[in-house]
Each structure stands twice: as C-alpha cells, then as structure tokens.
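Some notes on the structure that comes next.
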Amino acid sequence: MGTKERRQRDRAAREQRFLDCAQELIQRDGLLSLQMSRIAEDCDYAVGTLYQHFASKEDLLLALATRNCLERVDLFERAVQWPGPTRERMLAIAIADLMIIRSQPEFFRVAQYVFTDVIWHAASEPARQRLLDATAPIGKLIEGIAIDALRTGDLPPNTGLSPQTLTIGPWTLCMGMHTLVHAEGVLERHDAPEPYRLLIKNLQHLLNGYGWQPLFDVSDEAAIDAQLARISREVFESPAPPLGGAQRKSLTGSKKDG
C-alpha cells in the first residue's frame, strides 16, 4: 500500500471514529448537548483535526445522517425484493421503517433534526448533496414498487400521479407519525394509544384510495394483525413490531416512556 492510500485509509478510519463518538454522545446526552470540542476530546484529537474533517457541527450531523441512511438500505432492499404482492411490499417498507425506529430511534432523531431549517441551511452544499445522494437509492427502491404495481395492473393507470410522486404519500404519513410519537404529550390529547396501528390503518386507507389491489378491509383488526405478522415473518424473519408509542428521548436527553 502506497503512502497516499495509507493516508486515505487513516483519514477514513479517523472520520468513522469521530462519527461513532458523536453517535454515542447523542444517545447519552441528547442532540442539543453535542459539542465539537467534546467529540475531539473523547477521541484524543485536537479540535482543529476534527474541523479538518467536518467544517461545522452541522456538517458532522449531516455526515452522521448520511451514514445512518446508508446502513438502512438493507432492510428496504429485503422489502422490495420480497416476491409478495406489490401492495404488501409497500406495507413491508413501512414495517422496515418502524423496525428501525424501534431498534435505533436516534436514527430518526438525527434525520429529523438535520432537515430543520436551522441545520440544513447552515450546513455546506457538499454535505447536503452527500446526504441527498445517500437517500436516493431508497427512493428508487420504493418507486420501483409503484412501477411494478402499474405494470402488473395492481395500480390503475389513472391515479394522476407518477410512481415517484405517488410514493410521497406513504412517506409523509410515516414521517408525520414518527414526529408525533416523539413529541411528548401530543398524541395523548388525541386518544391514540397505538399510534402505529393508526399509521397502518391510514396507510391502508391511502392505498385503497389509490385503487391499489387487492383492497383491504381496514375495519378488520384481526386481519391487520395477521397481515403484519405474516409480512414481518416472511420478509424480515422477525415478529411484527409493537404498534404502541416508542420510548421518547428529547433533544436535550431527558427520557420518558411512551
């Protein structure tokens, strides 16, 4: 290995160490407590070295979200490649998203935070572009389900939406529910003890509205549970994720059970 390659390898390893440390600090102390000086100190580097990798804390947060996004692709690929009905493959995407939220809720919190105005616009253009590039494969995977549904006739051709824009509806439902679940006290005012069951029902209503076959009886609670259990088992070799609220941890690090 030449000197240049060795330096590139060492730089990449150092960068991953900084991101690992940032992730640990966020998990322990919350996003708003994250400090560049603390990351450098915990990694035994001068803060100037950290800034050679990330021009700002905002760039570091976007790099962390980018890495987290790349780590999520495998679950979505399993949902897309599963040889089930296209409508159930779309539901499998929502289940994959919920599994990630359950197992690693900090992934969502970081993503939620970096897309706020104050962080997104303070980050550099290259950092923003890297994150957008990392999310593109996931978008293409989900778009592929809609394309298959149109090809097979599961979706009528007259929805008035392209495959890309059609998938924005399920995406916004999922993101919106995750946001509400992590906003302490909001859903409690709306009598939603199982917010993710409500999400699944709304997704089914949306897909029914698209005319996505086969239509589903959203009033059949037993059918909802059976379908979720079957898809989770066949696609992910896992039990269906719980449908109640998740444990919350605020940006400042305080905890409360949902």
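Quick notes on this structure:
- 222 nm mean residue ellipticity, helices alone, for the chain (DSSP H n ≥ 4; -39,500 (n - 2.57); rounded to 500): -22000 deg cm²/dmol
- Rounded to the nearest 20 debye, dipole of the chain from Cβ charges on Lys, Arg, Asp, Glu: 560 debye
- Based on Cα atoms of segment 1-53, Rg over Rh with Rh as the Kirkwood radius reads 1.07.
- Relative counts (whole %) of C-alpha pair distances in segment 35-107, using bins that are 10 Å wide: 18, 33, 23, 17, 9, 1
- Square roots of 5 times each gyration tensor eigenvalue, C-alpha, segment 81-152, largest first, Å: 29, 16, 8
- For segment 70-256, the Kirkwood estimate of hydrodynamic radius, built from reciprocal distances between every pair of different alpha carbons, is 17.5 Å.
- Comparing 99, 90, 36 in a Gaussian network model of the chain where C-alpha atoms under 10 Å apart are linked, the largest mean-square fluctuation is found at 36.
- Of 153, 18, 129, farthest towards positive along the dipole that unit charges on Lys, Arg, Asp, Glu beta carbons give the chain: 18
- Taking 195, 242, 170 as the candidate residues, the one with maximal mean-square fluctuation in a Gaussian network model of the chain, Cα springs under 10 Å, is 242.
- Comparing 144, 176, 245 in a Gaussian network model of the chain, where Cα atoms under 10 Å apart are tied by springs, the biggest mean-square fluctuation is seen for 176.
- Percent of alpha-carbon pairs separated by more than 17 Å within segment 112-211: 64 percent
- Our analysis of segment 10-148 gives Rg over Rh at 1.03, with the two radii drawn from alpha carbon positions and Rh computed by the Kirkwood formula.
Every number in this text was worked out from the coordinates using simple rules, so none of it is lab data. Being a predicted model, the structure only gives us computed values, none of them experimental. Using ideal geometry, Cβ is built from the backbone for each residue, glycine included, and neighbour counts are taken over all protein chains shown.
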